[in-house]
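These notes are about the structure you will find just below.
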Amino acid sequence: MTPRRNKGKVSPSLLPFGRRFRRFREAMGWSQENLAARARGGQGVTPQYIGAIETGRTRCTLEFAKEMDEALKANGELVALWEDLVKDAAFPVWFDWVSIEDSAEALESWQTMLVHGLLQTPAYAAAVLHGNAEAIEARLKRQEILAREDPPDCTFLLDEGVLYREVGGPEVMRDQLEHLLNPSYDRITVQVVPSHGEHIGNVGSFTCATLEDLTEVAYVETVARGFTMGEVEDITEVRRALREIRSLALPIGQSADLISRTVKDRWT
């Protein structure tokens, strides 16, 4: 489910930080591209990330604020503003998950019911989305991040029941599970978690994204909509859940064997 968008709003606490950040950048005579290239010790970030900070649409880490304070010769002002305005600010609830996913360095996902959207075949997606052409196109377009020259590192943890839950019919399921065995792109790990009714992951599916400044954002779906979480306490809980679920997952090879057997025994 695509989260609701409301691009007319920004975080009331992140916006003043972003405005001051922009003034320091402009005082140096640098464009967003110039500053982006200097970030992370010269490794760089995207100009879009700098723009998102300046317009209050995302927050940065303290480490990033310190680096920018030094680069922009702000004499500690940006660090002080970070403590006052950014430290306790959450990502806006409307923040567009698709844009987070697109800029992520790494994605870790737990799925209880369905194959993750980034791994869905067109036929599987069509069945899940009830043939809604616009929604199908949007979902498949999201998968383009996996085809980039430098795609995110992706870990997909699937409940075993996903392999058995029929979506679109046997042929669709067979093609989908075979796609999990032979994903079209690199830097993808798929592991199956044996179904168990007591671990913390049974509360629902979620994904955690690590951004290029090491900020982490989580995405959770509900029956009404999807929403993002960026507060430290929330991310701590998400990370704890991921550790527990991952500890129960079959190794990569055993996961592949189980998927192969399921294709043969159930969907062929």
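Sequentially through the range 232-241, phi angles give Karplus couplings (6.51, -1.76, 1.60; θ = phi - 60°) of 4, 4, 5, 5, 4, 5, 4, 5, 4, 5 Hz, Gly and Pro residues having no value and appearing as x.
Only Lys, Arg, Asp and Glu carry charge here, each on its Cβ (+1 for the first two, -1 for the last two); on that basis the range 180-241 has a dipole of about 280 debye about its Cα centre. Equivalent ellipsoid of the chain: semi-axes from √(5λ) of the C-alpha gyration tensor, largest first, are 38, 18, 17 Å.
Each residue of the range 139-148 was assigned a 3J(HN,Hα) from its phi angle through the Karplus curve 6.51 cos²θ - 1.76 cosθ + 1.60 (θ = phi - 60°); the sequence is 5, 5, 5, 4, 5, 5, 5, 6, 9, 5 Hz, with glycine and proline shown as x. With the convex hull drawn over the C-alpha atoms of the range 14-86, the volume per residue is 68 Å³. For the range 45-58, 3J(HN,Hα) computed residue by residue from phi via the Karplus equation (6.51, -1.76, 1.60; θ = phi - 60°) reads 10, 7, x, 4, 5, 4, x, 5, 5, 5, 9, x, 9, 7 Hz, glycine and proline entered as x. Straightening the chain between Asn202 and Gln48 buys 51.9 nm, computed as 0.36 nm per residue apart minus the Cα-Cα spacing. Taking the C-alpha atoms only, the angle from helix 252-266 to the longest principal axis of the chain is near 40 degrees.
Which value, in debye to the nearest 20, gives the size of the charge dipole of the chain about its Cα centre, when Lys and Arg are +1 and Asp and Glu are -1 at the Cβ?
Working: 31 positive and 41 negative charges, 120 e Å.
Using Cβ point charges on Lys, Arg, Asp and Glu, the chain gives about 580 debye.
Projecting the Cα atoms of Leu157, Leu78, Leu181 onto the charge dipole of the chain (Cβ charges, centred on the Cα centre) puts Leu78 farthest toward the positive pole. Of the residues Leu146, Gly169, Gln48, the one whose Cα sits farthest towards the positive end of the charge dipole of the chain is Gln48 (charges of +1 on Lys and Arg Cβ, -1 on Asp and Glu Cβ, taken about the Cα centre). Over the chain, DSSP H runs of length four or greater, each weighted -39,500 (n - 2.57), average out per residue to a 222 nm ellipticity of -12500 deg cm²/dmol. The angle between the Cα long axis of helix 62-71 and the main principal axis of the chain comes to about 40°, on a 0 to 90 degree scale.
I need the semi-axes of the equivalent ellipsoid of the range 73-214: take the C-alpha gyration tensor, multiply each eigenvalue by 5, square-root it, list largest first in whole angstrom.
34, 18, 15
Which of the GluC sites (Glu not before Pro) found in the range 144-245 are in a DSSP loop and have at most 14 neighbouring Cβ atoms, other than their own, within 10 Å? Loop-located and lightly packed - Glu149, Glu166, Glu198, Glu231. When the chain is modelled as a GNM with alpha-carbon springs shorter than 10 Å, which of Ala133, Ala249, Ala218 fluctuates the most? Evaluated over the chain, the most mobile residue of the options is Ala133. Highest mobility in the GNM of the chain, judged by mean-square fluctuation with C-alpha springs under 10 Å and restricted to Arg23, Arg239, Arg142, is found for Arg23.
Report the calculated FRET efficiency for Ser31 and Thr236 (r = Cβ-Cβ distance, R0 = 41 Å), to the nearest 0.05. For Ser31 and Thr236, the calculated efficiency is 0.65.
Bear in mind these aren't lab numbers, they're just calculated from the coordinates by the rules spelled out. Here the structure is a predicted model, which is why all the values come from computation and not from measurement. Glycine also receives a Cβ, built like all others from the backbone with ideal geometry; neighbour counts cover every protein chain displayed.
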